[in-house]
Amino acid sequence: MATIEFLLNGTPKQCDVSPDTSILTLLRDHLGMTGTKEGCASGDCGACTVAIRHPTEVASAFESVNACITPAHQLKGRHLVTVEGLAQGEQLHPAQQAMVECHASQCGFCTPGIVMSLFTLHTAQQQHPFALTPERLEAVLGGNLCRCTGYRPIRDAALSMAQQPWQAPAWFDASPPLSAADKTAPPADSAPLFAQPSTLTELTKARRRYPDARLVAGATDLWLETTQRLEALDQLIDVSRVNELQQIAETTFQHQPGWWVGAGVTYRQLEPLFEQHFPTFAHLLHRLGSQQIRNRGTLGGNIANASPIGDTPPVLMALNAWVEVANDDGVRQLPLDRFFIDYKQTALAADEVISKVFIPALKDHALLRIWKLSKRREDDISAVLGAFCYRWEDGIMRDVRIAFGGMAATPKRALNTEAVLEGQPLSKSGFQAAQQALDDEFQPMSDVRGSQHYRQQAARNLLERLYLTLSAPNQEVMLHAYAH
């Protein structure tokens, strides 16, 4: 057990809970705050949505997160707001009042999560007024599912809540007292542990001392082990407070301009960089997960998870990204396409952690195409994801890099396919040869998301889409997978 000190709806709280306690469990079972509901316990439905803000960022908006898969210990020094804290006496918050007036709730089970997502939107609108576009609204509510009513009245509530009178409560901008540094002796190697280092040096020392402890950042995948498999997570090292892992720095590496991105940088924090320099990558983030997930999930976590269907690794491979890993002795860098060894196996030693990722800038005239195939348009895991990076120079393809997710035990470059297209003019026969090379170098898996045959054909079709896109650059080959 370890003590968590935080603000809950403006009231200071101290709680002692086990390392694998979620915010949802803390609220419902330990604090008796049952307004936050459990729906899926996997971060999909948004019924458990709450809002969190860093104490040093009172000028910024609250972020929506899924309480069911967020470690309670990560609340230390944070301000947590739940649905119980929104009303001031008999005066409802504008998000609540608008939901009432627009008849936007039926059974009410999902309503607290929807209200909390709207609360974060309303807070952002109050602090930095902006026009609420369909895209912004879709992003805000994309992680909230309602099983028994239509979404039109919920949308109406979102559009009308800014017209409701509202005055921030006295506690709204309150900051929790910063806890003194933990001076207690570290636990025995087999005892329950939740370590929260603040520097890379502290992290690597903890990693060496506790090689069997699980690293946790956004917990968007790790926490499913406790909520879905009911396994104990009693030794955790939280990397979310490590300063070096939160940085984005523009630089040159291996004679390439680009950016070193800390492993703890979230998808939300990456959005401005990607929107400016990699718009197709930014677009992918909106299909990677809900806003609640993008507020929590990290680039380093998506890589370290080593899933064959992780969305970012194939894109990073196509961009020729590098990864830096660190231990208590120092750091080393290696190309990302050499980081993945086998299914869920990486080049990380037992005492190493991912510290940062180098993303090269696109070369002049280079293009990046990313196409994701999944059963649902949004908030779903890929069946196949193809990433294509190339330069189109005088009708010739140059610097071709192609990578796929969902086609092997790891994210993987299509080296033979690249070689067939490299330096060749655009032709139907050339792409047919590339498709044959693709067939020869991949033997994809079969699972619930697609059979081996489906994946093989889907990957061939993505190559065909690339050919058609190059053949008619001013014409949309097929309907875009995202509504806007």
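The values are calculated or read from the model by the stated rules, or taken from the named source; none is laboratory data. Just so it is clear, the structure is predicted and the values come from calculations on it, not from any experiment. Backbone-built Cβ (ideal geometry, glycine too); neighbour counts: all protein chains shown. Calculation scope for accessible area: heavy atoms of the full protein, side chains included, ligands and nucleic acids excluded. Shrake-Rupley method; radii C 1.70, N 1.55, O 1.52, S 1.80 Å.
Quick notes
- Lys, Arg +1 and Asp, Glu -1 on Cβ, resulting dipole of the chain about Cα centre, debye, nearest 20: 540
- About its Cα centre, segment 1-148 has a charge dipole of approximately 60 debye under the convention of +1 per Lys or Arg Cβ and -1 per Asp or Glu Cβ, with nothing else charged.
- Using a Förster distance of 35 Å, the FRET efficiency for Q254-A472 (Cβ separation, nearest 0.05): 0.50
- Extent along principal axes [Cα atoms of the chain; Å; largest to smallest]: 71, 55, 40
- Segment 373-413: equivalent-ellipsoid semi-axes (sqrt of 5 x gyration tensor eigenvalues, Cα, Å): 27, 13, 6
- The alpha carbons of segment 337-484 give a radius of gyration and a Dmax of 16.3, 51 Å, in that order.
- Mean Cβ count within 10 Å, highest first, over the residues of peptides 368-379, 456-467: 456-467, 368-379
- For the chain, calculated [θ]222 nm from helices alone, where every DSSP H run of n ≥ 4 adds -39500 (n - 2.57): -8000 deg cm²/dmol
- Helix runs (DSSP H) in the chain reaching 18 Å along axis by Cα, Kyte-Doolittle at least 0.0: 111-127
- Taking all protein chains into account, the per residue accessible area for the chain stands at 44 Å² (1.4 Å probe).
- Per-residue SASA entry for I52, accessible area with 1.4 Å probe, Å² rounded to 10: 30
- Tail beyond 27 Å, pair distance distribution of segment 224-344 (Cα, percent): 19
- With all projection directions averaged, the alpha carbon convex hull of segment 10-116 covers 7.3 nm².
- Positive contributions from Lys and Arg (+1) and negative ones from Asp and Glu (-1), summed over other residues with Cβ under 11 Å from the Cβ of F388, come out at +2.
- Accessible-area composition of the chain, carbon plus sulfur, in percent [1.4 Å probe]: 50
- Under the Debye formula (equal points on every Cα, no solvent term), log10 I(q)/I(0) of segment 88-166 at q = 0.13, 0.16, 0.19, 0.25 Å⁻¹: -0.34, -0.53, -0.75, -1.31
- Kirkwood Rh and Cα Rg combined as Rg/Rh, segment 55-119: 1.00
- Here's the picture: charge each Lys and Arg Cβ at +1 and each Asp and Glu Cβ at -1 in the chain, and of T204, C15, P129 the one pushed furthest to the positive end of that dipole is P129.
- About its Cα centre, the dipole of segment 338-412 is roughly 200 debye, where the only charges are +1 on Lys and Arg Cβ and -1 on Asp and Glu Cβ.
- Burial order of peptide ranges 338-345, 230-237, 286-293 (average beta-carbon count within 10 Å, highest first): 286-293, 230-237, 338-345
- Selection among P257, P473, L159 by position relative to the dipole of the chain gives P473 as farthest towards the positive end (Cβ unit charges, Cα centre).
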